[in-house]
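Q: Sharing a structure, written as structure tokens. Questions coming.
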Amino acid sequence: MTTPVPRTPTGGPGRARTAPPPADFRHSYSKDRAQLARRLSRMEGQVRGIARMIEREEYCVDILQQTAALRAAVDALAILVLEDHVQGCVRTAAERGEADAYVEEVMDVVRRTLGRPVRASGRPG
């Protein structure tokens, strides 16, 4: 099995990475991959259920309750991945002296998740 390459701050596709990962690096969520996949499958079922409710023209409040449940499921999944990222990827970056960029990346994601504007890079905290 190949070791996944970590995404470094803003290291999405086509973006530069700060340094190569350690040879034994694994994304922290790898240990929870089966659990995450099960949660995603349940969410897919919830989405299909909501679609059926709309097709059957069910009561609006019932649909809204189901969308709230879906949002809660998505949020719970995001928290699991975020916890794993901080405990693994950010910790590894800190050990390598690269924590500042990773912390800023995490904060940007949290701000976006909360609907807050992302700060321009280089601004003091």
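Q: Apply the Karplus parameterisation 6.51 cos²θ - 1.76 cosθ + 1.60, with θ equal to phi minus 60°, to every residue of the range 80-88 and state each ³J(HN,Hα) to the nearest whole Hz, in sequence, with x for glycine and proline.
A: These are the phi-based 3J(HN,Hα) values: 4, 5, 4, 4, 5, 4, 5, 6, x Hz.
Q: Moving on. If R₀ is 35 angstrom, what is the calculated FRET efficiency for the pair residue 59 and residue 98, using the beta carbon separation as r and rounding to 0.05?
A: The computed FRET efficiency comes out at 0.10.
Q: Still on this structure, please answer the following. Rank these for me by crowding, 63, 54, going from fewest to most other beta carbons within 10 Å.
A: Sorted ascending by nearby Cβ count, the order is 54, 63.
Q: Take every Cα-Cα distance within the range 30-113, group them into 10 Å bins from 0 onward, and report for each bin the whole-number percent of pairs it holds.
A: 16, 33, 27, 16, 7, 1
Q: Across the range 66-77, in residue order, what do the Karplus-derived ³J(HN,Hα) couplings come to in whole Hz, using 6.51 cos²θ - 1.76 cosθ + 1.60 with θ = phi - 60° and x for Gly and Pro?
A: Whole-Hz 3J(HN,Hα) from phi for the range 66-77: 5, 5, 5, 5, 5, 4, 4, 5, 5, 4, 5, 5.
Q: I've got another one for you. Under 9 Å from the Cβ of residue 73, count the other residues' Cβ atoms, weight Lys and Arg +1, Asp and Glu -1, and hand me the total.
A: Result for the neighbourhood of residue 73: +2.
Q: How big is the dipole moment of the range 30-113 about its Cα centre under a simple scheme where the beta carbon of each Lys and Arg is +1, that of each Asp and Glu is -1, and everything else is neutral? Debye, nearest 20, please. All intermediate terms of the calculation are to be shown ahead of the outcome.
A: Numbers: 13 positive and 15 negative charges, 77 e Å.
The dipole of the range 30-113 has a size of about 380 debye.
Computed from the coordinates by the stated procedures, all read-outs in this text should not be read as laboratory data. Only a predicted model underlies this, so the values are computations on that prediction, with no experimental measurement involved. Counting neighbours? That spans all protein chains shown, and the Cβs are built from the backbone with ideal geometry, glycine included.
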